[in-house]
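Peer 1: The structure's right below; bear with me while I get my questions together.
The values are calculated or read from the model by the stated rules, or taken from the named source; none is laboratory data. Just so it is clear, the structure is predicted and the values come from calculations on it, not from any experiment. In this analysis, Cβ positions are derived from the backbone assuming ideal geometry, glycine residues included, and neighbour counts consider all displayed protein chains.
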């Protein structure tokens with residue numbers, strides 16, 4: 001669904017990219033670096049309200065760059081086991097996870113939207129795996145699911161003991177506000193920022209994750225050295241959820 005808001009963002013993005021390309025052609029120095037593709041760039045293109053959103057070389061967003069930086073710096077250990085990667089639209093992470101994992105599952109409710117080889121159809125509301133995965137990764141997915149408590153419980157069950165879920169969601173400063181798909185698309189866009197979102201998360205997302213049985217750590221881009229953060233234009237907050245190595249929860 002194309003809305004006026006999304007169309008305006010797209011136009012702004014293309015103008016910003018064109019300006020960056022012109023600056024590079026005129027000899028501007030690449031003083032920034034994309035932590036996703038490694039390229040030196042003169043700047044990052046705008047998308048919506050974010051003035052340094054995308055890499056002009058690979059298109060990586062602030063959250064994609066954050067994830068690559070955290071893995072490269074050793075802050076996040078990348079498993080060589082089984083990875084379930086929902087909404088696999090971040091190319092550098094697709095390649096990175098696919099190369100590392102012995103069992104890599106790129107997946108989405110509608111896998112036809114992706115060009116990733118072997119993309120599987122997975123409905124998180126019906127996820128029935130038990131102790132299969134070492135890592136679950138989902139960036140900007142949870143705000144789409146009808147019942148996030150049920151999905152978090154399913155993710156918990158699907159992980160091996162000691163396994164982790166790496167979750168990134170759109171955030172605002174208020175507590176989480178829930179809606180539903182019964183709401184008109186225009187109303188969802190007005191309340192939650194996008195027509196296909198059914199909630200807007202606040203930092204109390206931590207409580208929802210913990211209620212599913214996880215141990216939760218938050219890793220914010222703002223906690224990274226300012227010079228590094230600025231050079232790579234890192235953004236967002238990662239919710240790192242760990243399933244305890246031993247648990248008494250019934251969903252195991």
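Peer 1: Please find, within the stretch 53-68, the residue that is surrounded by the most Cβ atoms within 10 Å (Cβ to Cβ) out of those that are in contact (Cβ under 8 Å) with a residue 24 or more places away in the chain and assigned to a loop (DSSP other than H, G, I, E, B). Steps first, answer last, please.
Peer 2: Kept after step one, since they are in contact (Cβ under 8 Å) with a residue 24 or more places away in the chain, are these residues of the stretch 53-68: 53-54, 56, 58-68.
Then drop every residue that is not assigned to a loop (DSSP other than H, G, I, E, B), which leaves 56, 58-61.
Numbers: 56: 22, 58: 17, 59: 19, 60: 27, 61: 23.
Only one residue fits best here, namely 60.
Yes/no per residue for (1) at pLDDT 95 or above; (2) over 19 Å from residue 140 (Cβ atoms); (3) in the same structural domain as residue 170 (by TED's automatic domain parsing):
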position: 33; (1), (2), (3): yes, yes, no
position: 53; (1), (2), (3): yes, no, no
position: 69; (1), (2), (3): yes, no, yes
position: 74; (1), (2), (3): yes, yes, yes
position: 80; (1), (2), (3): yes, yes, yes
position: 87; (1), (2), (3): yes, no, yes
position: 96; (1), (2), (3): yes, no, yes
position: 101; (1), (2), (3): yes, yes, yes
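Peer 1: A further question on this structure: Quick check on my filter: what residues within the stretch 158-183 are more than 16 Å from the chain's Cα centre (by Cα) and within 24 Å of residue 49 (Cβ to Cβ)? Even if it seems obvious, please write down each step before you answer.
Peer 2: Filtering the stretch 158-183 down to residues more than 16 Å from the chain's Cα centre (by Cα) leaves 158-163, 173-183.
Matches in the stretch 158-183: 173, 174, 175, 176, 177, 178, 179, 183.
Conditions tested, residue by residue: (1) more than 25 Å from residue 97 (Cβ to Cβ); (2) touching a residue at least 12 places away in the same chain (Cβ under 8 Å).
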{"position": "175", "(1), (2)": "yes, yes"}
{"position": "204", "(1), (2)": "yes, yes"}
{"position": "220", "(1), (2)": "no, yes"}
{"position": "226", "(1), (2)": "yes, no"}
{"position": "237", "(1), (2)": "no, yes"}
{"position": "242", "(1), (2)": "no, yes"}
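Peer 1: Residue check: is residue 110 more than 18 Å from the chain's Cα centre (by Cα), in the same structural domain as residue 236 (by TED's automatic domain parsing) and closer than 30 Å to residue 149 by Cα?
Peer 2: Details: more than 18 Å from the chain's Cα centre (by Cα): no; in the same structural domain as residue 236 (by TED's automatic domain parsing): yes; closer than 30 Å to residue 149 by Cα: yes.
Here the answer is no, as residue 110 does not meet what is asked.
Peer 1: Name the one entry in 208, 121, 199 that is over 18 Å from the mean Cα position of the chain (by Cα) and assigned by TED's automatic domain parsing to the domain that holds residue 238. Step through it out loud before you land on a result.
Peer 2: Values: 208 fails: over 18 Å from the mean Cα position of the chain (by Cα); 199 fails: over 18 Å from the mean Cα position of the chain (by Cα).
Result of the check over 208, 121, 199: 121.
Peer 1: While we're here: With (1) within 20 Å of the chain's Cα centre (by Cα); (2) outside any loop (DSSP other than H, G, I, E, B); (3) in contact (Cβ under 8 Å) with a residue 24 or more places away in the chain; (4) over 30 Å from residue 164 (Cα atoms) as the list, and residue 92 as the residue in question, which single condition is left unmet?
Peer 2: Here residue 92 clears every test but (4).
Peer 1: Quick check: anything in the stretch 33-48 part of a helix (DSSP H, G or I), in contact with a strand residue (DSSP E or B) (Cβ under 8 Å, 6 or more places away or on another chain) and surrounded by fewer than 16 Cβ atoms within 10 Å (Cβ to Cβ)?
Peer 2: As a first pass, look at the stretch 33-48 and keep what is part of a helix (DSSP H, G or I): none.
Checking the stretch 33-48: not a single residue is part of a helix (DSSP H, G or I), in contact with a strand residue (DSSP E or B) (Cβ under 8 Å, 6 or more places away or on another chain) and surrounded by fewer than 16 Cβ atoms within 10 Å (Cβ to Cβ).
Peer 1: Further question on the same structure: Specify the residue that is nearest to residue 97 (Cα to Cα); the eligible residues are those in the stretch 119-139 that are in contact (Cβ under 8 Å) with a residue 60 or more places away in the chain and not in a strand (DSSP E or B).
Peer 2: 131
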